[in-house]
Amino acid sequence: MTLDLAVELAPNRPGRLRLRHPVLVAAGGAGYGNELIEAVAEQKPAAIITRSVTREARTGNRPPRMAGLPDALLSSVGLQNPGLEAVLHRQAPRWAASDVPIIVSICADNADDISAMARTLDMRPDASGLELNLACPDRGRHGEPIGHDVAAAETATVAARAVTDLPLIVKLIAGAPDVRIIARAVAAAGADAISAIGPVPALALDRDRAGARLGTAYGGLSGPTIKPIGLRVVYEIAQVVRIPIVGIGGVACLDDVLDYLAVGATAVGIATAALGDPLLPGRLGEELAAWCEAHGVSDTRELTGRALPRRKDRGSLRMGPFGR
Amino acid sequence: MTVLAAPRALRAAIATTPDPGEDVRLLETREFLPGRYLLRWAAAGIARRVRPGQFVHVMAPRTAGLLLPAVPVAGFDRAAEQITLLLSKEDGSALLALRPGDVARFDGPLGRGFEVDPRSRFLLVVTDTDGLARVRACVDEAVATSRQVALLLGARTIAEVPPSSLLPDEAEYVIATEDGSLGQRGGIAELVASYEAWADQCFVAGSDGLLRRVAKLAAGRDARMGVARLGRKRGRRPVRGASPRRRLTWLQVALPHEVGCALGVCLGCVVRGVDSQLRTCREGPAFAAPELRWELDQ
């Protein structure tokens, strides 16, 4: 039996984003990639999605920015980054020398910036793909994230798609009223793949209960606590689109990888758990290979979507998890 | 097989393999205050390299939670190849469940520690009970390099004052308690002025209020205090944050921090500096006071 763990994240652009195995580092798990690439000789992740970059530099949120909770991490970095040009100048030369594909995550609050950044990246040979993060507050909609609105998500996707031939992954957020509608819209607008989910908005109090633990009060919750939410979102998206999905949220062990594959993910992203264990994504790729061999699975496509309802049962899809 | 005889590719692979940490053996656990423990470890590699203010990541045993706990190195003895950690029960560290002889795995020393100017002869250390772990190693450094050191410690009551046995005999130990049950009544920051002219450098860790008060006292006074008095070398003034510039600063502080990756990539431990954002795990946890924006966040 020949084992084939390779997955294609942009089937419409064959070979442009083919991963050796389905476990990659999601945005936030490895900075801009080079820190991890240089530290890891073996057990390499399938790909690295960089921290989200904006067109101009951002200083980020006021500290404290991070609170460790049991089985979760609450953080509020606020998109601190030096701006796309600076990232490309400082980091991209080393991406080209790596055999790990680097997918650049971009975030903007308007279509012009998205277009400009996608156009810049399109001319770079060192970026293997583009992730469009829809968590950014929409400038025209009182700060509501772009990913909450169908039209805004569609416009953002079109803005990127129109100017680049790079594989385009659109990252959805869990808080959308109906993530299935957003997923359909971005797929129709030209996304090659969808990733979901990002951190979930949350709050933690300090020891004295005299205020919030983070400088911005709210933060994004990540880690194993949000895995059931991530599974729900991927499960819903997988039933309405035919493009690959990168399942993200609370992945920390092989069982989590198998769970996300079962609900329809083609690949799985790890961010928070990779902060404490940078070798984890690469190691889970190896563990998945061993598991497949032990269970007579020759292709990870056999694992993808096993937990989804059978096609004839999908009429119930008109109803969401809460009967909406 | 020796590494030297290995082919270039193999040597390159070895060189890029991340440091897997160091196995350290617990020698002693002692409860020095209710709920507060001193743990002494045989840790040859870390003891050799550590500087006051640095920390270790505890890789094993794993504590509940996603992130590796970052624990400041509270003391070291390079000759005996030992380090000391001070932990509180509230930290919930899995290290407290170990018995003498048990082995743990530490990654470190990490971060940038305090910079002691070679010309400094008199070191002042100011802290409170919670901050002691972050600055106590300055006392070991001072004693090991034959400097004079005074440690000023503030606590609410006598029940929170660590015993003097935690410090070497050479250190001067001065105490202030808020209720006056031991030492001077009041805050420890008020005693700093008495030592200001004596000290060449001052190292502080503790509550937000303590840091602010000492920083306020020292603000703008570098020109007439401490190492600045000892004369400046010729040449260009080093940039802010560089080690030589930090060494010239009278006041350095160690910030409390919750470290994420300790690689500098997660940006979770950032504090606001005067010029830019500073990562506590990489540019700190010890900073020169003038590097930080005190009014806003500290």
Do any strands (runs of 3 or more DSSP E) entirely within segment B:65-181 hold 1 or more residues that are among the acidic types (Asp, Glu) and either more than 21 Å from B:CYS281 (Cα to Cα) or modelled with pLDDT of 90 or more (or both), and if so, which? B:75-77, B:122-128, B:172-177
Residues A:ALA176, A:ALA187, A:ALA153, A:ALA193: which one is of a type in the set (Gly, Ala, Ser), within 16 Å of the chain's Cα centre (by Cα) and closer than 25 Å to A:LEU74 by Cα? A:ALA176
State which residue is most open to solvent (accessible area, probe 1.4 Å) when the search covers only segment A:229-264 and only residues that are closer than 16 Å to A:GLU287 by Cβ and acidic (Asp, Glu). A:ASP255
Across segment B:45-72, what is the number of residues that are touching a helix residue (DSSP H, G or I) at 6+ places or on another chain (Cβ under 6 Å) and in contact (Cβ under 8 Å) with a residue 40 or more places away in the chain? 5
For B:THR249, which of the numbered conditions (1) of a type in the set (Ser, Thr, Tyr); (2) open to solvent by less than 30 Å² (accessible area, probe 1.4 Å); (3) closer than 29 Å to A:PRO278 by Cβ fails to hold? (3)
Of everything in segment A:217-228, what is surrounded by 22 or more Cβ atoms within 10 Å (Cβ to Cβ) and either on the phi > 0 side of the Ramachandran plot or away from chain B (no Cβ under 14 Å) (or both)? Give them in sequence order. A:GLY223
Wholly within segment A:21-81, strands (runs of 3 or more DSSP E) carrying at least 1 residues that are touching a Lys or Arg at 6+ places or on another chain (Cβ under 7 Å), within 8 Å of chain B (Cβ to nearest Cβ) and closer than 17 Å to B:GLN277 by Cα: A:72-75
Looking at segment A:1-20, which of its residues are in a loop (DSSP other than H, G, I, E, B), among the aliphatic types (A, V, I, L, M) and at pLDDT 85 or above? A:LEU5, A:ALA6, A:LEU9, A:ALA10, A:LEU17
When segment B:188-216 is checked residue by residue, the ones that are within 11 Å of B:ASP128 (Cα to Cα), at pLDDT below 90 and outside any helix (DSSP H, G or I) are B:ILE188, B:SER207
Residues satisfying the stated conditions in segment A:274-284, i.e. open to solvent by less than 20 Å² (accessible area, probe 1.4 Å), in contact with a helix residue (DSSP H, G or I) (Cβ under 9 Å, 6 or more places away or on another chain) and touching a residue at least 40 places away in the same chain (Cβ under 8 Å): A:ALA274, A:PRO281, A:LEU284
I'd like to know if segment A:270-280 contains one or more residues that are in contact with a Ser or Thr (Cβ under 8 Å, 6 or more places away or on another chain) and more than 14 Å from chain B (Cβ to nearest Cβ). no
All but one of (1) open to solvent by 30 Å² or more (accessible area, probe 1.4 Å); (2) in contact with a strand residue (DSSP E or B) (Cβ under 6 Å, 6 or more places away or on another chain) hold for A:ALA267; state the number of the condition that does not hold. (1)
Of the criteria (1) in contact (Cβ under 8 Å) with a residue 24 or more places away in the chain; (2) in a helix (DSSP H, G or I), which one A:SER105 fails: (2)
Only residues that are farther than 15 Å from A:GLU56 by Cα and in contact with a strand residue (DSSP E or B) (Cβ under 6 Å, 6 or more places away or on another chain): list them for segment A:111-133, please. A:ALA127, A:SER128, A:GLY129, A:LEU130, A:GLU131, A:LEU132, A:ASN133
Does A:ALA202 meet the test of being part of a loop (DSSP other than H, G, I, E, B), away from chain B (no Cβ under 12 Å) and of a type in the set (A, V, I, L, M, F, W, C)? no
I'd like to check something: does segment A:136-146 contain any residue that is free of Cβ contacts under 8 Å to residues at least 40 places away in the same chain, touching a Pro at 6+ places or on another chain (Cβ under 8 Å), among the acidic types (Asp, Glu) and surrounded by fewer than 17 Cβ atoms within 10 Å (Cβ to Cβ)? yes
Find the residue count for segment B:252-284, including only residues that are open to solvent by 30 Å² or more (accessible area, probe 1.4 Å), part of a loop (DSSP other than H, G, I, E, B) and touching a strand residue (DSSP E or B) at 6+ places or on another chain (Cβ under 8 Å). 6
Filter segment A:82-100 down to residues that are surrounded by 15 or more Cβ atoms within 10 Å (Cβ to Cβ), more than 12 Å from chain B (Cβ to nearest Cβ) and either assigned to a loop (DSSP other than H, G, I, E, B) or not hydrophobic (A, V, I, L, M, F, W, C) (or both), then give me how many there are. 3
Could you tell me which of the residues A:ASP126, A:ASP112 is more than 23 Å from A:GLU236 (Cβ to Cβ), open to solvent by 10 Å² or more (accessible area, probe 1.4 Å) and part of a loop (DSSP other than H, G, I, E, B)? A:ASP126
Of the residues in segment A:240-279, those that are small (Gly, Ala, Ser) and assigned to a helix (DSSP H, G or I) number 4
Restricting attention to segment B:115-143, the residues that are over 18 Å from B:LEU248 (Cβ atoms) and more than 16 Å from the chain's Cα centre (by Cα) number exactly 0
For segment A:230-250, the count of residues that are within 21 Å of A:LEU275 (Cα to Cα) and in contact (Cβ under 8 Å) with a residue 40 or more places away in the chain equals 5
Quick check: is even one residue across segment A:211-223 within 30 Å of B:VAL270 (Cα to Cα) and basic (Lys, Arg)? yes
Among what's in segment B:133-191 and is in contact with a strand residue (DSSP E or B) (Cβ under 8 Å, 6 or more places away or on another chain) and of a type in the set (Ser, Thr, Tyr), pick the residue that is surrounded by the most Cβ atoms within 10 Å (Cβ to Cβ). B:THR177
How many residues, within segment A:186-199, are crowded, with 21+ Cβ neighbours inside 10 Å and not acidic (Asp, Glu)? 9
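The values are calculated or read from the model by the stated rules, or taken from the named source; none is laboratory data. Source: prediction; values computed, not measured. Please note: Cβ atoms are built from the backbone with ideal geometry, for glycine as well, and neighbour counts cover all protein chains shown. These area figures cover heavy atoms from the full protein model, side chains too; ligands, DNA and RNA do not enter into them. Shrake-Rupley method; radii C 1.70, N 1.55, O 1.52, S 1.80 Å.
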